[in-house]
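Asker: Structure in C-alpha cells, see below.
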Amino acid sequence: MKQGYNRSTVMGNLSENPDVRRTPQGLMLARIVVETIRTWKDKGGQVQTESDFVPCLLKGRDAENAEVYLRKGSAVLVEGRLTTRTFEDSRGSRKSVTEVLAGKVLYLGGLMEPRETAVR
C-alpha cells in the first residue's frame, strides 16, 4: 500500500492573535495556534484538565480573513493535513515544526468586528 490518508481536524480557541505575513511571491500566510482542552475525572474524582496547542497554517483568502476577523479567544474549527517543515532560525539552528496545513476554516463563535490590519 503506497497511498496513505492524512486528515486532521482541530476545534478550539485561538491562544494568540494570528501572525500574518506575506511571502516574497505575494502569498499571504497566517499562523494560528488553536488550544484544545480535555477534561476528565481522575481515580480520586478530581476534575483534571489538559491543554494542547496546535499550530495551523492558513494560506491565501483564509489568511486574509483570519487577519481581519480572528483574534485571541476566537472559536474555530480547522480541517487540513498534518505537515512537517524544517527551517533555519535566526541563530542558524535547524528547527522543525509539525502543523496543520488548513484546507477549511470555520468560525464557530460568529464573526467578530473587523479589526485594523497591518501585514508585514
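Asker: If I go through region 1-51 residue by residue, how many of them are assigned to a strand (DSSP E or B) and exposed (fewer than 10 other Cβ atoms within 10 Å of the Cβ)?
Answerer: First, pick out the residues of region 1-51 that are assigned to a strand (DSSP E or B): 8-14, 19-22, 28-41, 47-51.
When the remaining residues are screened for being exposed (fewer than 10 other Cβ atoms within 10 Å of the Cβ), the result is 38-41, 47, 49-50.
So the count comes out to 7.
Asker: I've got another one for you. Going by the conditions given, is L82 surrounded by fewer than 17 Cβ atoms within 10 Å (Cβ to Cβ), of a type outside the set (D, E) and touching a residue at least 24 places away in the same chain (Cβ under 8 Å)?
Answerer: Yes, satisfied.
Asker: Still on this model: For region 85-114, what are the residues that are surrounded by fewer than 10 Cβ atoms within 10 Å (Cβ to Cβ) and within 11 Å of the chain's Cα centre (by Cα)?
Answerer: Those that are surrounded by fewer than 10 Cβ atoms within 10 Å (Cβ to Cβ) and within 11 Å of the chain's Cα centre (by Cα): none in region 85-114.
Asker: Let me ask you something else. Got at least one residue in region 58-73 being part of a helix (DSSP H, G or I) and hydroxyl-bearing (S, T, Y)?
Answerer: Yes, there is a match, as at least one residue in region 58-73 is part of a helix (DSSP H, G or I) and hydroxyl-bearing (S, T, Y).
Quick note: the coordinates plus some simple rules give every number you see, no bench work behind them. Not measured: the values here are computed from a predicted model. For neighbour counting, all protein chains shown are included, and Cβ atoms are generated from backbone atoms with ideal geometry for every residue, glycine included.
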